[in-house]
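A short worksheet on the structure shown next.
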Amino acid sequence: MKKLLWLALWASGCTFPQVVPEALSDEYKPTGEVRMYDRGATFDAVRVRSPYANLSKRTDGSWGGVLVREPVDVTVTDKTVRGVNFVLTREESAPGKLIITGQFKGKIYRFEFEENIARIRAPVQSLDFQTRWPIDNGVAYGPMKSLQLYGEAAAENPPWPQLAFALVAMFD
């Protein structure tokens, strides 16, 4: 049955967005990273990678791949990521404050980053990391510098949606 559907789509001239050429390169040089304890996720302009994420940007601006063992096919705007079982919203309520909220697989997420605190609200964890520390090529939150953001992840305006995908992959 699936073969017939694909054949019908192909015969009708229906095309699907392709992965951007940069994402097909074997050379992957992350420009940002989120790390906490033994977990981490990296990203560049067109990919997000971790043991729990393998996402790539497509030519039409959408993203697809696998996130926490679930197929993901989402559209992305300046403030939202939307797809089946997936919605995230980016809010900047004040200078230096970033809030990402949403749902993935019916689970609620909220990530807040401010000057001196990072709050993580995830399905199985609720964490507050007091104090922000400068570290080599990034920032860390918490007295033990437990939550670390490197490169573009630590920027005042981190890449969207890469940071959101990396956070969901880490805290699911």
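The values are calculated or read from the model by the stated rules, or taken from the named source; none is laboratory data. For clarity, every value in this text was computed on a predicted model and none was experimentally measured. Glycine also receives a Cβ, built like all others from the backbone with ideal geometry; neighbour counts cover every protein chain displayed.
Sort through Asn85, Asn116 and tell me the only one that's at pLDDT below 95 and surrounded by fewer than 13 Cβ atoms within 10 Å (Cβ to Cβ).
Details: Asn85 fails: surrounded by fewer than 13 Cβ atoms within 10 Å (Cβ to Cβ).
Going through Asn85, Asn116 in turn, just one is at pLDDT below 95 and surrounded by fewer than 13 Cβ atoms within 10 Å (Cβ to Cβ): Asn116.
Report yes if Asp73 is more than 30 Å from Pro143 (Cβ to Cβ) and assigned to a loop (DSSP other than H, G, I, E, B), otherwise no. Full working, then the answer.
Details: more than 30 Å from Pro143 (Cβ to Cβ): yes; assigned to a loop (DSSP other than H, G, I, E, B): no.
No; evaluated as a whole, the condition is false for this residue.
So which of Ala169, Ala153 is at pLDDT 95 or above, within 17 Å of Gly96 (Cβ to Cβ) and not in a loop (DSSP other than H, G, I, E, B)?
Ala153
Being exposed (fewer than 15 other Cβ atoms within 10 Å of the Cβ), modelled with pLDDT of 95 or more and hydroxyl-bearing (Ser, Thr, Tyr) narrows it down to one residue among Thr77, Thr131; which is it?
Answer to the check: Thr77.
Taking Gly106 as meeting all but one of (1) over 20 Å from Glu152 (Cα atoms); (2) surrounded by 13 or more Cβ atoms within 10 Å (Cβ to Cβ), write down the number of the exception.
(2)
Give me the pairs, please: first residue somewhere in the stretch 69-88 and in contact (Cβ under 8 Å) with a residue 12 or more places away in the chain and under 9 Å from Phe104 (Cβ atoms), second residue anywhere and small (Gly, Ala, Ser) and surrounded by 14 or more Cβ atoms within 10 Å (Cβ to Cβ), beta-carbon distance under 8 Å, and either six or more positions apart or on two chains.
If the second residue must be small (Gly, Ala, Ser) and surrounded by 14 or more Cβ atoms within 10 Å (Cβ to Cβ), the pairs left are Val72/Gly64; Val72/Gly65; Val72/Gly83; Phe86/Gly102; Val87/Gly102; Leu88/Gly102; Leu88/Ala164.
May I ask you to list the residues in the stretch 121-139 that are over 22 Å from Lys107 (Cβ atoms) and either touching a Pro at 6+ places or on another chain (Cβ under 8 Å) or among the polar types (S, T, N, Q) (or both)? Can you show your working first?
Quick first cut of the stretch 121-139, residues over 22 Å from Lys107 (Cβ atoms) only: 130-139.
Result: Gln130, Thr131, Asn137.
Checking Gln18 against (1) surrounded by 15 or more Cβ atoms within 10 Å (Cβ to Cβ); (2) touching a strand residue (DSSP E or B) at 6+ places or on another chain (Cβ under 7 Å), which test does it fail?
Evaluating Gln18 over (1) surrounded by 15 or more Cβ atoms within 10 Å (Cβ to Cβ); (2) touching a strand residue (DSSP E or B) at 6+ places or on another chain (Cβ under 7 Å) leaves (1) as the failure.
Please give the strands (runs of 3 or more DSSP E) falling wholly within the stretch 77-139 in which 3 or more residues are closer than 20 Å to Arg39 by Cα. Show your work before the answer.
On the way: elements: 80-83, 86-94, 97-104, 107-113, 117-121, 126-130, 132-135.
Passing ranges, in order: 107-113, 117-121, 126-130, 132-135.
Within the stretch 122-149, which residues are under 16 Å from Leu98 (Cα atoms) and aromatic (Phe, Trp, Tyr)?
Phe129, Tyr141
Cβ-Cβ below 9 Å, separation at least six or inter-chain, first residue in the stretch 29-57 and over 14 Å from Pro161 (Cβ atoms) and part of a loop (DSSP other than H, G, I, E, B), second among the aromatic types (Phe, Trp, Tyr) and at pLDDT 95 or above: which pairs?
Going by the 9 Å Cβ cut-off, the qualifying pairs are Pro30/Phe43; Pro30/Tyr150; Thr31/Phe43.
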